[in-house]
Amino acid sequence: MDRSPPQAKGSTPAPTATVSESESESATAPAQRAAGDSRRQGFVAGVKVGTGLAAAAFVLAVTFGAFARAEGWGVLAPIVCSLVVFSGSAQFALATALAGGGGMATAIAAAALINGRFIPMGVAVAKDLRGGRIRRALEGQAVVDGSWVAAHLGGGRFDRYKLFGATAVQWPAWVAGTTLGVVVAPPESLVESLGLDLVFPAFFLLLLLDELRGSRAARGAAALGACLAAALVVWVPAGLALLGASAGALLGVRKGLVPRDREEASGS
């Protein structure tokens, strides 16, 4: 039975409130623009951080290219190595092991042990990547030391666009530096005499100090890692000691790295 109120003859039915597609799009447009601005800001911030890293990477890459050329790698091999591996510590370990007569297997093992740190780093950032397996694997190629630290938001979260921006300027700088080193082949002592080999360690020290001020769990993890490294380096090579010291990060995973603002809020 129809219980709607009767309408007078000749009267126009009241219009039904509907939301048109144009109104719906206009409502979602600001949110989409805000998301786009956030992504753009993250990428630009990453580029700014990555520019300083790229300058240091360029200098070290010149040294690697010159060293590899002097050790008989030729012209193409060092450049391809930088294109594919893109890891200064692993590439120097590879070149040093080969120069010391350790053989290809030993050199690859040394590089793999040093790059083993990217396994927990990749696991940590995996939840902030997007897409299917192939896309996530491609996005994961942006995980390098400086970019990973710069993109860390605290609480186990990462700004993926800041990660992309920081790596986007480092990779071409590393390849370009290697190419210049191979072609020009400057003296190996140039970087050491100018003190440029301290650029990367100093940068990561600053990042570490900032992280230590961020949470109690970070300080505990760093202290444990330092003790493990000091104990292991007496018995095993530096690469193995560094890999073993990364077990200190398990403390941070268990406790959770609490951002500074949360600690202050909880303490107030």
Note to self: So, in segment 72-100, how many residues would count as being open to solvent by 60 Å² or more (accessible area, probe 1.4 Å), at pLDDT below 85 and farther than 21 Å from residue 245 by Cβ?
What the structure shows: 1
Check: What residue, of 230, 238, is at pLDDT 70 or above and either closer than 30 Å to residue 108 by Cα or open to solvent by 70 Å² or more (accessible area, probe 1.4 Å) (or both)?
Finding: 230
Note to self: It is to be established whether one or more residues within segment 45-59 are open to solvent by less than 70 Å² (accessible area, probe 1.4 Å), of a type in the set (A, V, I, L, M, F, W, C), at pLDDT 85 or above and more than 30 Å from residue 93 (Cβ to Cβ).
What the structure shows: yes
Notebook entry, point to check: So residue 159 clears everything in (1) crowded, with 19+ Cβ neighbours inside 10 Å; (2) over 29 Å from residue 247 (Cβ atoms); (3) of a type in the set (Asp, Glu) except one condition, right? Which one?
Noted result: (2)
Next item on the list: For residue 37, state whether it is closer than 24 Å to residue 169 by Cβ, free of Cβ contacts under 8 Å to residues at least 12 places away in the same chain and either charged (D, E, K, R) or in a helix (DSSP H, G or I) (or both).
Entry: yes
Margin query: For the list (1) open to solvent by less than 20 Å² (accessible area, probe 1.4 Å); (2) under 25 Å from residue 245 (Cβ atoms), I need the number of the one condition that residue 129 fails.
Written below: (2)
Note to self: Can you say whether residue 117 is open to solvent by 20 Å² or more (accessible area, probe 1.4 Å), more than 16 Å from residue 60 (Cβ to Cβ), of a type in the set (Lys, Arg) and modelled with pLDDT under 90, as far as the supplied structure shows?
What the structure shows: yes
Check: What number of residues in segment 101-111 are open to solvent by 60 Å² or more (accessible area, probe 1.4 Å) and either in a helix (DSSP H, G or I) or touching a Leu at 6+ places or on another chain (Cβ under 9 Å) (or both)?
Finding: 4
Margin query: So residue 32 passes all but one of these: (1) at pLDDT below 65; (2) under 16 Å from residue 178 (Cβ atoms). Which condition number does it fail?
Written below: (2)
Item checked: Pairs where the first residue, in segment 113-128, is over 12 Å from residue 152 (Cα atoms) and the second is at pLDDT 90 or above and of a type in the set (A, V, I, L, M, F, W, C), C-beta under 6 Å, 6+ apart -> 122/143
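Checking the condition open to solvent by 40 Å² or more (accessible area, probe 1.4 Å), outside any helix (DSSP H, G or I) and either under 12 Å from residue 67 (Cα atoms) or at pLDDT 95 or above (or both), which residue from 187, 172 passes? Step through it out loud before you land on a result.
Working: 172 fails: outside any helix (DSSP H, G or I).
Step by step, each of 187, 172 is checked, and only 187 is open to solvent by 40 Å² or more (accessible area, probe 1.4 Å), outside any helix (DSSP H, G or I) and either under 12 Å from residue 67 (Cα atoms) or at pLDDT 95 or above (or both).
The values are calculated or read from the model by the stated rules, or taken from the named source; none is laboratory data. Computed from a predicted structure; not experimentally measured. Here Cβ is always computed from backbone atoms with ideal geometry, including for glycine, and neighbour counts include all displayed protein chains. Ligands, DNA and RNA are excluded from the accessible area calculation, which covers all protein heavy atoms including side chains. Shrake-Rupley method; radii C 1.70, N 1.55, O 1.52, S 1.80 Å.
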